[in-house]
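Asker: Dumping the structure here so I can ask a few things about it.
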Protein chains: 2
Amino acid sequence: MQDFNFYTPTQVVFGKKGEDKVGELVKALNCKKVLVHFGGNSAKKSGLLDRVFDSLTQSGIDYVSLGGVVPNPRLSKVYEGIDLCKKENVDFILAIGGGSVIDSAKAIGYGMANDCDVWDFYMKKAIPTGCLPIGTILTLSAAGSEMSNSSVITNEEGWLKRGCNSDYCRPKFAIMNPELTYTLPPYQTASGSTDILMHTMERYFTQGGTMELTDGISEALMRTVINNSKILMKDPTNYEARAEVMWAGSLSHNGLTGCGSIGDWACHQLEHELGGMFDVAHGAGLAAVWGSWARYVYKANVARFAQFAVNVLGVPNDFSDQEKTALAGIEAMEAYYKSIDMPISIKELGVELNDDQIKELAYKCSFQNTRTVGGVKALNTEDMIEIYKMAR
Amino acid sequence: MQDFNFYTPTQVVFGKKGEDKVGELVKALNCKKVLVHFGGNSAKKSGLLDRVFDSLTQSGIDYVSLGGVVPNPRLSKVYEGIDLCKKENVDFILAIGGGSVIDSAKAIGYGMANDCDVWDFYMKKAIPTGCLPIGTILTLSAAGSEMSNSSVITNEEGWLKRGCNSDYCRPKFAIMNPELTYTLPPYQTASGSTDILMHTMERYFTQGGTMELTDGISEALMRTVINNSKILMKDPTNYEARAEVMWAGSLSHNGLTGCGSIGDWACHQLEHELGGMFDVAHGAGLAAVWGSWARYVYKANVARFAQFAVNVLGVPNDFSDQEKTALAGIEAMEAYYKSIDMPISIKELGVELNDDQIKELAYKCSFQNTRTVGGVKALNTEDMIEIYKMAR
């Protein structure tokens, strides 16, 4: 077991009509001028944006808005947000959306509270020393950014997708109304569920010790997501299933499922390069590489993959052949991905990788051959090339 | 499923030597003068208190100290603490101990941040509007007060044991070093483990809906505590087992295991009267009444008791007779209590109740016949009398 810190200060307001409380929540934080940050037109069309504006106005809170955040959110939009916030003396950012919008809000918040170029934080050239306070209204269960300390931004110059973690950016509140996710297309629901699962799987697959309690929580969370995402493929307005997946999304990435363990995170790193270069949906990208990663590394910790197979996927344990159980678990996970129409190869993402592109992806992912990724098995550039080849 | 709020701002520092960081943690909060609050002499004898003083001094933090907090912490000590804090201009309270010391610190904190008599908050005559910041160094896994919003104090006048809940009192940080619990006597370890279990069981046994994810987390937590408390009876310096129980103690009462459900809490109310009148160890008191409570109410939700039996205690499911499964679960739980030397009757607490005392307990517990307690089944004064009689 590893020592750990656990810090999740975000106030969660979970349930129906939570968005109507946004004005009073901002007011309680003594903030005066809000940037309402969002993505496409769905928040407008559904009337959500108007309800939020009403709630803010009723609490005497002034606001400006900035939409147009895209998946794999762009640095140029972050700069636009920082300029707007400075011009308008914004002291609070309200993100309405999923991980992309929240991550963009966090980057803008960094830009407002620090003097240097915000991209320096993502390139690890500098460390943030503050962040403007952020609140969220979640409309997509996936990234867990509503409680997490992380933000991932894509720089269009070079299409680099990079993350920055710090406790400063953890949102002050997160409004989670499962009904706001009813209209998500099945592909986004499935991709989001995959992202949620992977946030726990990345922490679960570890080489060192972990905690029995953390394992039990993680396994319960993964079973819950698998079960309820399948329900949502057939019944997208099932409140209970939407709620289970939404709450799992937050707990999966707020730190809880990593207490006492080190984690792996190789799949996230491998996918970040794919997402930066080809703009694929993050969860789908993770599903596309996971099986190949798992088959490449499982021998480094067969017991762990067997435990995953039995406790998460209900694979019968072959007591005489643990490796067989482990491999059956990888197959069962891929069968689950297929059942929710997620890809299990990069080709299924609509991306045909040639050898040169694979080398470029691996070169970027290894930070020009200067790092390895992964905890179950440390992967160097050659290993990454092998996994991309297996997965393409 | 119920709507819920979830708010756990406490920064957890978990692992070996965490107590050496206390000075820097207080300093980061910009506090200058600390009340070091503790119980008996064990913190002194073990050298922990001196290490804490050193850490504070090294960070340039001034302090005064007040020991002598007893189990079922007393209101008179709270008043003493408030007087001392006012005299010494204390702006931070550091509780070193378990739930009793932390609850006492919270009450002192309320007294410092509000003008009225602090006991009014516990008698529900007033609502606190603030609390002095609190930090904790945990030396006993039980009450979960290190992350919770609750505080329970006993007023020697009338021996009333009453609780007050508010988010203001949630500690700023909790230092959790499992090694600090190595020297606990087996009875305290067992009583603490029971308290931890009961904090989740009180939330788990519900009449309305809950969440699949919350159930899974709760069941994992209960299995973990049962498993590791049994290990600790034989091997009290087992770091992993101490750590599992310690982390479970915090998660069991920070709100996580109640997300989406209403909860019961009858056993806590029944025990509070016993604790107030006879000064029994809280966890042991809970164990003494639980089985009788369970047999009295299980028919109101047989499915829930059967799920508990199978998923927590590993009782084989009798698919043809769910009630049989439910009752086997109650028996298995009592067998577990016996295995860690916890009482399953009030007599085993060393308390011989006569009928008049039972009536007095029930009368107090029902707030003079003005309320019922319990969620699985609402219990009035007559029900309480029956349960006390079954349990004596």
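The values are calculated or read from the model by the stated rules, or taken from the named source; none is laboratory data. This structure is a prediction, so every number in the text was calculated from the model and none was measured. For neighbour counting, all protein chains shown are included, and Cβ atoms are generated from backbone atoms with ideal geometry for every residue, glycine included. With ligands, DNA and RNA removed, areas are computed over all heavy atoms of the protein, side chains included. Shrake-Rupley method; radii C 1.70, N 1.55, O 1.52, S 1.80 Å.
Asker: Taking the stated definitions as given, is B:LEU66 more than 14 Å from chain A (Cβ to nearest Cβ) and under 30 Å from B:LEU160 (Cα atoms)?
Answerer: yes
Asker: When region B:129-138 is examined, which residues are found to be in contact (Cβ under 8 Å) with a residue 40 or more places away in the chain and surrounded by fewer than 24 Cβ atoms within 10 Å (Cβ to Cβ)?
Answerer: Of everything in region B:129-138, those that are in contact (Cβ under 8 Å) with a residue 40 or more places away in the chain and surrounded by fewer than 24 Cβ atoms within 10 Å (Cβ to Cβ) turn out to be B:LEU132, B:PRO133.
Asker: Report yes if some residue within region B:230-253 is of a type outside the set (A, V, I, L, M), within 17 Å of B:ASN5 (Cα to Cα) and not in a loop (DSSP other than H, G, I, E, B); otherwise report no. Working first, answer last.
Answerer: First, the residues of region B:230-253 that are of a type outside the set (A, V, I, L, M): B:230, B:234-240, B:242, B:244, B:247, B:249-250, B:252-253.
Okay, now just the ones that are also within 17 Å of B:ASN5 (Cα to Cα), so B:252-253.
Checking the rest, the ones that are also not in a loop (DSSP other than H, G, I, E, B) come to B:252-253.
Yes - at least one qualifying residue is present in region B:230-253.
Asker: Next question, about the same structure. Residue by residue through region A:265-284, note down the ones that are modelled with pLDDT under 90, more than 26 Å from A:PHE4 (Cβ to Cβ) and either within 10 Å of chain B (Cβ to nearest Cβ) or assigned to a helix (DSSP H, G or I) (or both).
Answerer: Matches in region A:265-284: A:GLY275, A:GLY276, A:MET277, A:PHE278.
Asker: Of the numbered conditions (1) out of contact with any Lys or Arg (no Cβ under 8 Å at 6 or more places or on another chain); (2) of a type outside the set (S, T, N, Q); (3) within 14 Å of chain A (Cβ to nearest Cβ); (4) in a loop (DSSP other than H, G, I, E, B), B:ILE217 fails exactly one; give the number of that condition.
Answerer: (4)
Asker: Using the structure shown, decide if B:ASP115 is farther than 16 Å from B:ASN165 by Cα and either free of Cβ contacts under 8 Å to residues at least 60 places away in the same chain or surrounded by fewer than 24 Cβ atoms within 10 Å (Cβ to Cβ) (or both).
Answerer: Yes, satisfied.
Asker: Which residues, counting only those in region A:206-257, are within 14 Å of A:PRO186 (Cβ to Cβ) and basic (Lys, Arg)?
Answerer: Answer for region A:206-257, where residues must be within 14 Å of A:PRO186 (Cβ to Cβ) and basic (Lys, Arg): A:LYS230, A:LYS234, A:ARG242.
Asker: Which condition breaks for B:SER100 when tested against (1) over 23 Å from B:GLY249 (Cβ atoms); (2) surrounded by 22 or more Cβ atoms within 10 Å (Cβ to Cβ)?
Answerer: Going through the list (1) over 23 Å from B:GLY249 (Cβ atoms); (2) surrounded by 22 or more Cβ atoms within 10 Å (Cβ to Cβ), B:SER100 breaks only (1).
Asker: For the condition at pLDDT 95 or above and closer than 22 Å to A:ALA107 by Cβ, what is the one hit in A:PHE6, A:PHE14, A:PHE53, A:PHE38?
Answerer: A:PHE38
Asker: Also: Looking at (1) in contact with a helix residue (DSSP H, G or I) (Cβ under 8 Å, 6 or more places away or on another chain); (2) within 14 Å of another protein chain (Cβ to nearest Cβ), which one does B:GLY255 not meet, given that it meets all the others?
Answerer: Condition (1) is where B:GLY255 drops out.
Asker: A follow-up question, please. Using the structure shown, decide if A:SER250 is open to solvent by less than 20 Å² (accessible area, probe 1.4 Å) and facing chain B (nearest Cβ under 9 Å).
Answerer: When the stated conditions are applied, A:SER250 passes them.
Asker: Follow-up. Against the definition (farther than 30 Å from A:GLU157 by Cβ and surrounded by fewer than 20 Cβ atoms within 10 Å (Cβ to Cβ)), how does A:ASP279 come out, yes or no?
Answerer: Here the answer is no, as A:ASP279 does not meet what is asked.
Asker: For region A:76-90, which positions are part of a loop (DSSP other than H, G, I, E, B) and buried (at least 20 other Cβ atoms within 10 Å of the Cβ)?
Answerer: Matches in region A:76-90: A:VAL90 only.
Asker: I've got another one for you. Residues in region B:229-246 that are facing chain A (nearest Cβ under 7 Å), touching a residue at least 60 places away in the same chain (Cβ under 8 Å) and surrounded by fewer than 24 Cβ atoms within 10 Å (Cβ to Cβ): how many?
Answerer: Counting residues in region B:229-246 that are facing chain A (nearest Cβ under 7 Å), touching a residue at least 60 places away in the same chain (Cβ under 8 Å) and surrounded by fewer than 24 Cβ atoms within 10 Å (Cβ to Cβ) gives 0.
Asker: How about region A:153-166: which of its residues are more than 16 Å from the chain's Cα centre (by Cα) and open to solvent by 30 Å² or more (accessible area, probe 1.4 Å)?
Answerer: A:GLU156, A:GLU157, A:GLY158, A:TRP159, A:LEU160
Asker: Ok, one more. Given the criterion out of contact with any Asp or Glu (no Cβ under 6 Å at 6 or more places or on another chain), part of a helix (DSSP H, G or I) and within 14 Å of chain B (Cβ to nearest Cβ), identify the matching residue among A:ILE226, A:ILE262.
Answerer: A:ILE226 is the lone residue from the list that is out of contact with any Asp or Glu (no Cβ under 6 Å at 6 or more places or on another chain), part of a helix (DSSP H, G or I) and within 14 Å of chain B (Cβ to nearest Cβ).
Asker: Got a sec? Which of B:LEU180, B:LEU197, B:LEU213, B:LEU184 is surrounded by 24 or more Cβ atoms within 10 Å (Cβ to Cβ), more than 30 Å from B:THR381 (Cβ to Cβ) and without any contact (Cβ under 8 Å) to a residue 60 or more places away in the chain? Quick ask: steps written out before the conclusion?
Answerer: Working: B:LEU180 fails: without any contact (Cβ under 8 Å) to a residue 60 or more places away in the chain; B:LEU197 fails: more than 30 Å from B:THR381 (Cβ to Cβ); B:LEU184 fails: surrounded by 24 or more Cβ atoms within 10 Å (Cβ to Cβ).
Matching residue, one of B:LEU180, B:LEU197, B:LEU213, B:LEU184: B:LEU213.
Asker: From A:VAL297, A:VAL315, A:VAL310, grab the single residue that is modelled with pLDDT of 95 or more, open to solvent by 30 Å² or more (accessible area, probe 1.4 Å) and not charged (D, E, K, R).
Answerer: The unique qualifying residue is A:VAL310.
Asker: I'm checking my understanding of the structure. Among residues of region B:333-352 that are acidic (Asp, Glu) and farther than 14 Å from B:THR189 by Cα, which one is most open to solvent (accessible area, probe 1.4 Å)?
Answerer: Taking the candidates together, the pick is B:GLU352.
Table: residues versus (1) in contact (Cβ under 8 Å) with a residue 60 or more places away in the chain; (2) closer than 30 Å to A:ASN177 by Cα; (3) more than 14 Å from every other protein chain (Cβ to nearest Cβ).
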{"site": "B:THR10", "(1), (2), (3)": "yes, yes, no"}
{"site": "B:LYS21", "(1), (2), (3)": "yes, no, no"}
{"site": "B:LYS27", "(1), (2), (3)": "no, no, yes"}
{"site": "B:PHE38", "(1), (2), (3)": "yes, no, yes"}
{"site": "B:LYS45", "(1), (2), (3)": "no, no, yes"}
{"site": "B:LEU49", "(1), (2), (3)": "no, no, yes"}
{"site": "B:PHE53", "(1), (2), (3)": "no, no, yes"}
{"site": "B:SER59", "(1), (2), (3)": "no, no, yes"}
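Asker: What do you reckon, is A:SER150 touching a residue at least 60 places away in the same chain (Cβ under 8 Å) and open to solvent by 10 Å² or more (accessible area, probe 1.4 Å)?
Answerer: yes
Asker: Could you please find all residues in region B:306-336 being touching a helix residue (DSSP H, G or I) at 6+ places or on another chain (Cβ under 8 Å), free of Cβ contacts under 8 Å to residues at least 40 places away in the same chain and in a helix (DSSP H, G or I)?
Answerer: Selection gives B:ALA306, B:ALA309, B:VAL310, B:GLN322, B:GLU323, B:THR325, B:ALA326, B:LEU327, B:ALA328, B:GLY329, B:ILE330, B:ALA332.
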